[in-house]
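Trainee: My structure is below; once you've seen it, I'll send some questions.
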Amino acid sequence: MWGGRFADGPSALMEQINASIDFDKRLAEQDIAGSRAHADMLAHQGIISRQDADAILAGLDRIAAEISEGRFVFKRALEDIHLNIEARVGEIAGDAAGRLHTARSRNDQVATDLRLWVRAACERIDHALLALQRALLLQAEEHAGTIMPGFTHLQPAQPVTFGHHCLAYVEMFSRDRGRFMDACARLNESPLGAAALAGTSFPIDRERTARTLGFARPMRNSLDAVASRDFALEFLAAATIASTHLSRLAEEIVLWTSPAFGFLKLSDAFSTGSSIMPQKRNPDAAELVRAKTGRVLGHFVALAAVLKALPLAYAKDLQEDKEVLFGAADALELSVAAMAAMVADWKVEKEAMLAHARAGYPTATDLADWLVRVAGKPFRTAHRIAGAIVKRAEELNLPLEQMPLAEMQKIEPEMTSDVFAILSVAASVASRKSSGGTAPERVREQIGFWREKLQ
Ligand code: ARG
């Protein structure tokens, strides 16, 4: 492999630690695209003959077919995807193949392949997140007026609508998509032509290869081109943040499918049983989505640690960028798909949501607001009065809307029967009409916005 300088092959351990073919075979498509663009450019610039380029391109076509048909034999002895493909071009095209690596190094080659791969992954994830947003939007449309308890500290806080809750996630996933698209736009520059680290003495055309590969432009600095992996780190950061959002929704599915809440039911298709407890319906998929966040974050941390303090330019440490990228992308794509499927699958138990929404005096804030609005109390005073009324209601074991007026008047003489109009959870939700609020009419406005945007 290394030509004249080496007499002996590597030890078995050297091969084991050094070879990346077992995982970087996933870059085959990108590697072939890069080689095609490079060979075509070399011929166009008169660096190699058109005849040699054609032989190389025909070889690459055949390899692409062999790989897609599962007939290509990947060899560990050939270390990585780049050398595996180049060697096979040699077997097919003979001497012409030896000219493919003119004005190129595996350093700019691998950086190019990886940018192409991450670009495609960003696009796949964007589509998957869009599908998830659409599933959530459908839920929001159906449940714009479905009342559920809103929580802070996981304690009943104020009633909200389930549609409002679903749209909160649509917002989060929208920002996640933005992060992937930002990362994608930033990474979309071509390292090809940086060669090993310093550029090349051949009259290459980097604009041409960049254009062929769909990059916006060539990277300006050859050292940066081969040494930088911040694009990979940025992808992992976006993946980590998206995963944290997924894990929050997953956690809510876990909680809400528990009979203690009973807000949601997953069908048999998304539940598992227990081998000992016949009554069980476990939300394993949601738990695994929740857990995979750990893997994705771990991969981000792993790559950050690899890159830290790495001197310029290329070092073999950079080979460790691949498994973490692939692993995180796989985990995230599976999680997003599973989540979209669960959102479409779950059945909303409106009665349970409503019953829970009524528990725990969730309209106490409405009572305080009424005292401000109608009786002209300062909010702090109103807060204290409402608290005292809640305390009394608790003693009588009554919800606020069933408190006798006389009981309330013992605490605050200015109370009138008008107050009952605002004490129900439905009235509470309907009153929260401020921009971004949970009132069904505001939720329907958000739905209108997203319907257009997610078309
Ligand atoms: N398999 C290598 C990687 O993934 C390709 C680049 C090798 N370059 C080198 N100078 N050894 O990073």
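The values are calculated or read from the model by the stated rules, or taken from the named source; none is laboratory data. Note that the structure is predicted; figures quoted are calculated from it, not measured. FYI the Cβ positions are ideal-geometry reconstructions off the backbone, even for glycines, and counts take in every protein chain you see. Heavy atoms of the whole protein, side chains included, go into the accessibility calculation; ligands, DNA and RNA do not. Shrake-Rupley method; radii C 1.70, N 1.55, O 1.52, S 1.80 Å.
Trainee: From the list Phe173, Phe151, Phe202, which residue is of a type in the set (Phe, Trp, Tyr), surrounded by fewer than 19 Cβ atoms within 10 Å (Cβ to Cβ) and within 30 Å of Ile253 (Cα to Cα)? Even if it seems obvious, please write down each step before you answer.
Mentor: Working: Phe173 fails: surrounded by fewer than 19 Cβ atoms within 10 Å (Cβ to Cβ); Phe202 fails: within 30 Å of Ile253 (Cα to Cα).
Matching residue, one of Phe173, Phe151, Phe202: Phe151.
Trainee: Still on this structure, please answer the following. I'd like the residue in the range 303-362 that is among the hydrophobic types (A, V, I, L, M, F, W, C) and touching a strand residue (DSSP E or B) at 6+ places or on another chain (Cβ under 8 Å) and, out of all such residues, is surrounded by the fewest Cβ atoms within 10 Å (Cβ to Cβ).
Mentor: The residue in question is Ala359.
Trainee: Name the one entry in Thr257, Thr240 that is more than 16 Å from the ligand (Cβ to nearest atom) and either free of Cβ contacts under 8 Å to residues at least 60 places away in the same chain or over 30 Å from Ala185 (Cα atoms) (or both).
Mentor: Details: Thr240 fails: either free of Cβ contacts under 8 Å to residues at least 60 places away in the same chain or over 30 Å from Ala185 (Cα atoms) (or both).
Of Thr257, Thr240, the one residue that is more than 16 Å from the ligand (Cβ to nearest atom) and either free of Cβ contacts under 8 Å to residues at least 60 places away in the same chain or over 30 Å from Ala185 (Cα atoms) (or both) is Thr257.
Trainee: Quick check on this structure: which one of Gly150, Gly193 is touching a residue at least 40 places away in the same chain (Cβ under 8 Å) and at positive phi?
Mentor: Gly193
Trainee: Still on this structure, I have one more. Take Glu323 and tell me if it is farther than 30 Å from Lys265 by Cβ and either within 16 Å of the ligand (Cβ to nearest atom) or part of a helix (DSSP H, G or I) (or both).
Mentor: Numbers: farther than 30 Å from Lys265 by Cβ: yes; either within 16 Å of the ligand (Cβ to nearest atom) or part of a helix (DSSP H, G or I) (or both): yes.
Taking the combined requirement at face value, the residue satisfies it.
Trainee: Another question, then. Looking only at the range 15-28, count how many residues are open to solvent by 50 Å² or more (accessible area, probe 1.4 Å) and under 26 Å from the mean Cα position of the chain (by Cα).
Mentor: First, the residues of the range 15-28 that are open to solvent by 50 Å² or more (accessible area, probe 1.4 Å): 15-17, 22, 25-26.
If we keep only those that are under 26 Å from the mean Cα position of the chain (by Cα) as well, we get 22, 25-26.
Here the count works out to 3.
Trainee: Given the criteria among the aliphatic types (A, V, I, L, M), within 16 Å of the ligand (Cβ to nearest atom), in a helix (DSSP H, G or I) and open to solvent by less than 40 Å² (accessible area, probe 1.4 Å), does Leu130 qualify? Please lay out each step first, then the result.
Mentor: Working: among the aliphatic types (A, V, I, L, M): yes; within 16 Å of the ligand (Cβ to nearest atom): no; in a helix (DSSP H, G or I): yes; open to solvent by less than 40 Å² (accessible area, probe 1.4 Å): yes.
Spelling it out, it is not the case that Leu130 is among the aliphatic types (A, V, I, L, M), within 16 Å of the ligand (Cβ to nearest atom), in a helix (DSSP H, G or I) and open to solvent by less than 40 Å² (accessible area, probe 1.4 Å).
Trainee: Looking at Leu213, Leu236, which is the one that is modelled with pLDDT of 95 or more, touching a strand residue (DSSP E or B) at 6+ places or on another chain (Cβ under 9 Å) and buried (at least 19 other Cβ atoms within 10 Å of the Cβ)?
Mentor: Values: Leu236 fails: touching a strand residue (DSSP E or B) at 6+ places or on another chain (Cβ under 9 Å).
Step by step, each of Leu213, Leu236 is checked, and only Leu213 is modelled with pLDDT of 95 or more, touching a strand residue (DSSP E or B) at 6+ places or on another chain (Cβ under 9 Å) and buried (at least 19 other Cβ atoms within 10 Å of the Cβ).
Trainee: Conditions: (1) within 16 Å of the ligand (Cβ to nearest atom); (2) part of a helix (DSSP H, G or I); (3) of a type in the set (A, V, I, L, M, F, W, C); (4) touching a Gly at 6+ places or on another chain (Cβ under 7 Å). Ala111 meets all but one. Number of the miss?
Mentor: The single condition Ala111 does not satisfy is (4).
Trainee: Right, next: Which is small (Gly, Ala, Ser), surrounded by 22 or more Cβ atoms within 10 Å (Cβ to Cβ) and more than 31 Å from the chain's Cα centre (by Cα), of Ala7, Ala58, Ala53, Ala12? Lay out the reasoning, then the answer.
Mentor: Working: Ala7 fails: surrounded by 22 or more Cβ atoms within 10 Å (Cβ to Cβ); Ala58 fails: surrounded by 22 or more Cβ atoms within 10 Å (Cβ to Cβ); Ala12 fails: surrounded by 22 or more Cβ atoms within 10 Å (Cβ to Cβ).
Within the list Ala7, Ala58, Ala53, Ala12, the selection yields Ala53.
Trainee: While we're looking at this one, here's another question. Scanning for something surrounded by fewer than 22 Cβ atoms within 10 Å (Cβ to Cβ), modelled with pLDDT of 95 or more and assigned to a helix (DSSP H, G or I), does the range 253-270 turn up at least one residue?
Mentor: Yes, there is a match, as at least one residue in the range 253-270 is surrounded by fewer than 22 Cβ atoms within 10 Å (Cβ to Cβ), modelled with pLDDT of 95 or more and assigned to a helix (DSSP H, G or I).
Trainee: Something else: Without any contact (Cβ under 8 Å) to a residue 24 or more places away in the chain and away from the ligand (no atom under 16 Å from the Cβ): does that describe Ala329? Reasoning before the result, please.
Mentor: Values: without any contact (Cβ under 8 Å) to a residue 24 or more places away in the chain: no; away from the ligand (no atom under 16 Å from the Cβ): yes.
Spelling it out, it is not the case that Ala329 is without any contact (Cβ under 8 Å) to a residue 24 or more places away in the chain and away from the ligand (no atom under 16 Å from the Cβ).
Trainee: In the range 34-50, what residues are without any contact (Cβ under 8 Å) to a residue 12 or more places away in the chain and open to solvent by less than 20 Å² (accessible area, probe 1.4 Å)?
Mentor: Ala43 - this is the single residue of the range 34-50 that is without any contact (Cβ under 8 Å) to a residue 12 or more places away in the chain and open to solvent by less than 20 Å² (accessible area, probe 1.4 Å).
Trainee: Could you tell me whether Thr161 is surrounded by 24 or more Cβ atoms within 10 Å (Cβ to Cβ) and more than 19 Å from the chain's Cα centre (by Cα)? Break it down into steps so the answer makes sense when it comes.
Mentor: Working: surrounded by 24 or more Cβ atoms within 10 Å (Cβ to Cβ): yes; more than 19 Å from the chain's Cα centre (by Cα): yes.
Spelling it out, Thr161 is indeed surrounded by 24 or more Cβ atoms within 10 Å (Cβ to Cβ) and more than 19 Å from the chain's Cα centre (by Cα).
Trainee: Further question: Using the structure shown, decide if Asp31 is acidic (Asp, Glu), closer than 12 Å to Leu100 by Cβ and open to solvent by 20 Å² or more (accessible area, probe 1.4 Å). Write out each step before concluding.
Mentor: Details: acidic (Asp, Glu): yes; closer than 12 Å to Leu100 by Cβ: yes; open to solvent by 20 Å² or more (accessible area, probe 1.4 Å): no.
Against the criterion (acidic (Asp, Glu), closer than 12 Å to Leu100 by Cβ and open to solvent by 20 Å² or more (accessible area, probe 1.4 Å)), Asp31 does not qualify.
Trainee: Right, another one. Can you pull out every residue in the range 271-291 that is open to solvent by 50 Å² or more (accessible area, probe 1.4 Å) and under 28 Å from the mean Cα position of the chain (by Cα)? Before the answer, list the steps.
Mentor: Taking the range 271-291 and keeping what is open to solvent by 50 Å² or more (accessible area, probe 1.4 Å), we get 272-273, 275-281, 284, 287-288, 290-291.
Selection gives Thr272, Arg281, Asp284, Glu287, Leu288, Arg290, Ala291.
Trainee: Right, another one. Of the residues Ala183, Ala194, which is closer than 30 Å to Ile81 by Cα and within 16 Å of the ligand (Cβ to nearest atom)? Let's see the steps before the verdict.
Mentor: Details: Ala183 fails: within 16 Å of the ligand (Cβ to nearest atom).
Going through Ala183, Ala194 in turn, just one is closer than 30 Å to Ile81 by Cα and within 16 Å of the ligand (Cβ to nearest atom): Ala194.
Trainee: While we're on this one: For the range 75-127, which residues satisfy the criterion of being open to solvent by 30 Å² or more (accessible area, probe 1.4 Å) and hydrophobic (A, V, I, L, M, F, W, C)?
Mentor: Within the range 75-127, Ala77, Leu78, Ala87, Ile92, Ala120 meet the criteria.
Trainee: Taking the range 182-210, which residues are touching a Leu at 6+ places or on another chain (Cβ under 8 Å) and either of a type in the set (Gly, Ala, Ser) or in a strand (DSSP E or B) (or both)?
Mentor: Scanning the range 182-210 gives Ser190, Ala194, Ala198, Ala210.
Trainee: Now for a separate question. From the list Arg211, Arg217, Arg179, Arg186, which residue is basic (Lys, Arg), without any contact (Cβ under 8 Å) to a residue 12 or more places away in the chain and within 30 Å of Ala313 (Cα to Cα)?
Mentor: Details: Arg217 fails: without any contact (Cβ under 8 Å) to a residue 12 or more places away in the chain; Arg179 fails: without any contact (Cβ under 8 Å) to a residue 12 or more places away in the chain; Arg186 fails: without any contact (Cβ under 8 Å) to a residue 12 or more places away in the chain.
Step by step, each of Arg211, Arg217, Arg179, Arg186 is checked, and only Arg211 is basic (Lys, Arg), without any contact (Cβ under 8 Å) to a residue 12 or more places away in the chain and within 30 Å of Ala313 (Cα to Cα).
Trainee: Out of (1) out of contact with any Pro (no Cβ under 7 Å at 6 or more places or on another chain); (2) open to solvent by less than 10 Å² (accessible area, probe 1.4 Å); (3) hydrophobic (A, V, I, L, M, F, W, C), what's the single condition that is false for Ala388?
Mentor: (2)
Trainee: Six or more apart or on different chains, Cβ under 8 Å: which pairs go from a residue in the range 75-104 that's touching a residue at least 24 places away in the same chain (Cβ under 8 Å) to one that's within 12 Å of the ligand (Cβ to nearest atom) and of a type in the set (Ser, Thr, Tyr)? Could you list them?
Mentor: Close Cβ pairs (under 8 Å, with a partner that is within 12 Å of the ligand (Cβ to nearest atom) and of a type in the set (Ser, Thr, Tyr)) amount to Glu79/Ser20; Asp80/Ser20; Ile81/Ser20.
Trainee: Among what's in the range 71-106 and is of a type in the set (Val, Ile, Thr) and within 16 Å of the ligand (Cβ to nearest atom), pick the residue that is nearest to the chain's Cα centre (by Cα).
Mentor: Within the range 71-106, the subset of a type in the set (Val, Ile, Thr) is 73, 81, 85, 89, 92, 102.
Filter once more, so that each one left must be within 16 Å of the ligand (Cβ to nearest atom): 81, 85.
Details: Ile81: 27, Ile85: 32 Å.
Checked the range 71-106; the qualifying residue nearest to the chain's Cα centre (by Cα) is Ile81.
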